[in-house]
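A short write-up of the structure that comes next.
Just so it is clear, none of the values below were taken in a lab; they were calculated from the coordinates. Owing to the predicted nature of the structure, the values given are computational and were not obtained by experimental measurement. Heads up, the Cβs are rebuilt from the backbone with ideal geometry, glycines too, and the neighbour counts pull from every protein chain shown.
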Amino acid sequence: MAKTKSKKRRLVIQAIEYLVSGGAYFIVGYLLLDYFYYVLHWSLWWSTITSNIVGWSVNFTLQRYWAFRNPHLKENLAQVTTRYMVVTIVDFLMNYYILLVLKNAGITPAIGQFISSAFFTVWNYIWYRWWVFPERIPAPHHPARRHIRPHHLR
């Protein structure tokens, strides 16, 4: 029973750390998006991508080394980073089109960013927890590592 409580407590703490890390990403990205779009009058595309690149850097660092810290991921940093980049690229494209659709519907990107972030809060937690920063990354299934049984040699 104590083990279950401990695991639930760790999961709650991780979720809170995830939300704080995501909040840092959101604040950085939101402020930069507003600055680039409304002050510098950049296009929505360049404002979104530039603000997201900075936000992603903050987010990856906090998610990897705080919310989803795990000593087993240390030797798989390239794989973890690649997975993060895949999710991030998909997120960016989805976020851009959400903002574009909302803008065309008369909702400003400043408000649209709040709307899209609600979706991405749940979406990214699922991907980060079970794919990007899993508790363990399975060993690769390389044909050379396969165990050959004597009856396979015939």
What number, in percent, do you get for the relative contact order of segment 55-126 if the mean sequence gap of Cα pairs under 8 Å and at least 6 apart is divided by its residue count?
20 percent
Send over the Kirkwood Rh of segment 43-84, from the inverse of the averaged 1/r over different Cα pairs, rounded to one decimal Å.
11.5 Å
D for segment 22-91, whole µm²/s, Stokes-Einstein with Kirkwood Rh over alpha-carbon pairs at 4 °C and 1.567 mPa s: what number?
100 µm²/s
Helix-only mean residue ellipticity at 222 nm for the chain, each DSSP H run of n ≥ 4 adding -39500 (n - 2.57), per residue, nearest 500
-23000 deg cm²/dmol
Taking Cα atoms only, helix 2-34 is inclined relative to the longest principal axis of the chain by an angle, in degrees rounded to 10, of 40 degrees
GNM result for the chain, Cα springs below 10 Å: residue of F119, F26, F60 fluctuating most strongly:
F119
Angle check, please: helix 44-62 long axis (alpha carbons) against the longest principal axis of the chain (alpha carbons), in degrees 0 to 90, nearest 10.
40 degrees
Rounded FRET efficiency, nearest 0.05, which uses the C-beta distance separating L19 from V101 and R0 of 22 Å:
0.30
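What's the Cα-based Rg to Rh of the chain, Rh via Kirkwood?
1.13
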Of P71, P109, P134, which is the most mobile in a GNM of the chain whose springs link Cα atoms less than 10 angstrom apart?
P71
Cα centre as origin, Lys/Arg/Asp/Glu Cβ charges: segment 2-136 dipole, Debye:
860 debye
Using the count of nearby Cβ atoms within 10 Å as a rough guide to exposure, how do L99, L62 rank from fewest to most?
L62, L99
Roughly how many nanometres apart are two label points built 7 Å out from the Cα toward the Cβ at R136 and T81?
2.6 nm
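Evaluate the relative contact order of the chain (contact order divided by residue number), counting alpha-carbon pairs under 8 angstrom at least 6 apart; express in whole percent.
Across the chain, relative contact order equals 24 percent.
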Using a Förster radius of 41 Å, what is the FRET efficiency between L93 and S6 based on their Cβ-Cβ separation? Nearest 0.05, please.
0.60
Mind pulling the angle between the C-alpha long axis of helix 77-104 and the longest principal axis of the chain? Nearest 10 degrees, somewhere in 0 to 90.
30 degrees
Under the Karplus relation 6.51 cos²θ - 1.76 cosθ + 1.60, θ = phi - 60°, what is the ordered set of whole-Hz ³J(HN,Hα) values for segment 105-118, x standing for Gly and Pro?
8, x, 9, 5, x, 4, 7, x, 5, 5, 5, 5, 5, 4
